[in-house]
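Okay, so here's the structure we're looking at.
The values are calculated or read from the model by the stated rules, or taken from the named source; none is laboratory data. Just so it is clear, the model here is predicted, and its values are computed rather than measured. Methodologically, a virtual Cβ is constructed for each residue, glycine included, from the backbone with ideal geometry; neighbour enumeration extends over all protein chains shown. Areas reflect the complete protein model, heavy atoms only, side chains present, ligands, DNA and RNA absent. Shrake-Rupley method; radii C 1.70, N 1.55, O 1.52, S 1.80 Å.
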Amino acid sequence: MDTWPAHAVVLPGTGSDAAFAAEAFADALALAGTHTTAVEPDPTRVVESYENALELAALQHGPIIVGGVSIGAAVAAAWALRNPEHVFGILAALPPWLGSAHGAPAALSAVYTATALRRDGLGAVVDAMAATSPAWLASTLRRSWTSQWPDLPSALDEAAGYTAPELSELARSTTRTSIVAAVDDPVHPHDVAIAWHGTIARSSLATVTLAEIGADPSILGRRAVEGLSTIGV
């Protein structure tokens, strides 16, 4: 594979933060000689803040690797479709849906959480989430949700209304795309990742489990970087 670019930009999932995105991707990219910028979302304009960060990095560094988790993966892929000349490759972890978010589990979860936050407040919702989530996820979301409060409901609503690339758009992609799916994640269905892989000509697909992510989030980055390295020029 040709020389990797010096810079990558990675985007967090809905309600998540730069710390988790960096934990997922930075070490694996560093081993490939690539510095990672993990973007902290602006909860009042999540997608715009992601796209602005991608545009600035491309302007400053030339072709970059773009990536993300969940909606971050979708935004990265959509931006790459519009700006292929600025993208070396895509690292897409847990892609959430295709096209309209209507009915998608991740979008329904975001709407439910936003409604509960407005009704019950941050503390009660965080406690309820922690009571029903694995410890690693509860800790991560407690941190990120608290940092995005009181604008968190707005961020969740925006995510739930986001239109991801359709299959017809992904079929036009010429960018190397490494996809990582969790086989037991009901919020980010494995079938979505399979559809991405089956549609994007220059793509790879690796799988993990939620337990593996919980034990070591950097497995997402390792699998993604390994996959990207297998895709020819």
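Below are the figures for this structure:
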| quantity | calculated |
| --- | --- |
| Residue satisfying all of: in the range 194-223; among the polar types (S, T, N, Q) and touching a Ser or Thr at 6+ places or on another chain (Cβ under 7 Å); surrounded by the most Cβ atoms within 10 Å (Cβ to Cβ) among these | Ser203 |
| Qualifying positions in the range 115-143 - open to solvent by 30 Å² or more (accessible area, probe 1.4 Å), hydroxyl-bearing (Ser, Thr, Tyr) and within 15 Å of Glu23 (Cβ to Cβ) | Ser139 |
| Failed item in (1) open to solvent by 20 Å² or more (accessible area, probe 1.4 Å); (2) within 20 Å of the chain's Cα centre (by Cα); (3) in contact (Cβ under 8 Å) with a residue 24 or more places away in the chain, with His102 passing the rest | (3) |
| Within the range 121-177, tally of residues that are under 22 Å from Ala104 (Cα atoms) and basic (Lys, Arg) | 0 |
| Within the range 20-76, considering residues that are part of a loop (DSSP other than H, G, I, E, B) and free of Cβ contacts under 8 Å to residues at least 60 places away in the same chain, the one surrounded by the most Cβ atoms within 10 Å (Cβ to Cβ) | Val39 |
